[in-house]
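Okay, so here's the structure we're looking at.
Bear in mind that the values in this text are calculations on the coordinates, not laboratory data. What you see is a predicted model, and the numbers here were worked out from it, not measured in a lab. Note that each Cβ is placed from the backbone with ideal geometry, even for glycine, and that neighbours are counted across all protein chains shown.
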Amino acid sequence: MFQKNDYVFYESEGICLVSDILRSPLEGMPKDKDYYLLRSIYSRNGVLYVPVDNDKIYMRAILKKEEAEKLVNEIPKLEEIEAEDSKKLRATYIELLQSHQPHNWVRILKTVRSRLRNSIANGQRISDTERSVAENAKRFLHSELALALNLEENEVEDYIRTRLGDPA
């Protein structure tokens, strides 16, 4: 069970703050249930009521500082995604994005960046779907790392570079 002021990853919204735990907060909700009142960090007006005993929608605690640092240190070891064709690659991107696991978001980002470099070198471009998946992976990863490491989201990229000894 999460506590008030915990940050959680909620599958359809991303990072949310558990701002309260309430008994049937709205008319029409079962009177005998407790609900998390979640506030999205992406949308200031985004408010969700999720049953505490929810088992249908994926929710997890965000990374702790030590886990975030470990993930950053492991980035060079995380492998890019390999797929036989673009259709399978796209399906793998979606599957990994929906796993809601930060190490999979890193794999997506590494793959898309590599493919982007190769496509630019060959005078091609990557698909809008690929860009969109990468943007979501980056948003999820950077917001979670920022909270875990007590950084601003716009500082995460520099933090990773510095931590990995990459000057650029």
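Some observations on this one:
- GluC sites (Glu not before Pro) restricted to the stretch 1-70 and DSSP loop, no more than 14 other C-beta within 10 Å: GLU11, GLU27
- Listed residues LYS64, LYS138, LYS31, most fluctuating in the chain (Gaussian network, C-alpha, under 10 Å): LYS31
- Partners of LYS70 within straight-line reach, counting aspartates and glutamates whose Cα lies under 15 Å from its Cα and excluding those fewer than 8 residues away in the same chain: GLU144.
- Translational diffusion of the stretch 65-164, estimated by Stokes-Einstein from the Kirkwood radius over alpha carbon pairs at 25 °C in a medium of 0.890 mPa s, is 175 µm² per second.
- Folded to 0 to 90 degrees: helix 65-74 orientation relative to the chain principal axis, Cα: 20 degrees
- Under 26 Å from LYS56, Cα to Cα: lysines that are on another chain or at least 8 residues apart: LYS4, LYS31, LYS33, LYS64, LYS138
- Coordinate range of the alpha-carbon atoms in the stretch 10-97 per principal axis, descending: 51, 34, 25 Å.
- For LYS4 and LEU78, the difference between the fully extended length at 0.36 nm per residue and the C-alpha to C-alpha distance is 23.3 nm.
- 222 nm mean residue ellipticity, helices alone, for the chain (DSSP H n ≥ 4; -39,500 (n - 2.57); rounded to 500): -14000 deg cm²/dmol
- According to the Cα-based calculation, Rg over Rh for the stretch 7-61 is 0.95, with Rh computed by the Kirkwood formula.
- Rel. contact order, % - alpha carbon contacts under 8 angstrom, at least six apart, the stretch 1-153: 18 percent
- Modelled FRET efficiency - R0 45 Å, SER86 with ASP53, Cβ distances, 0.05 increments: 0.65
- Prolate/oblate/rounded call for the chain, Cα gyration tensor, a/c under 1.5 rounded: prolate
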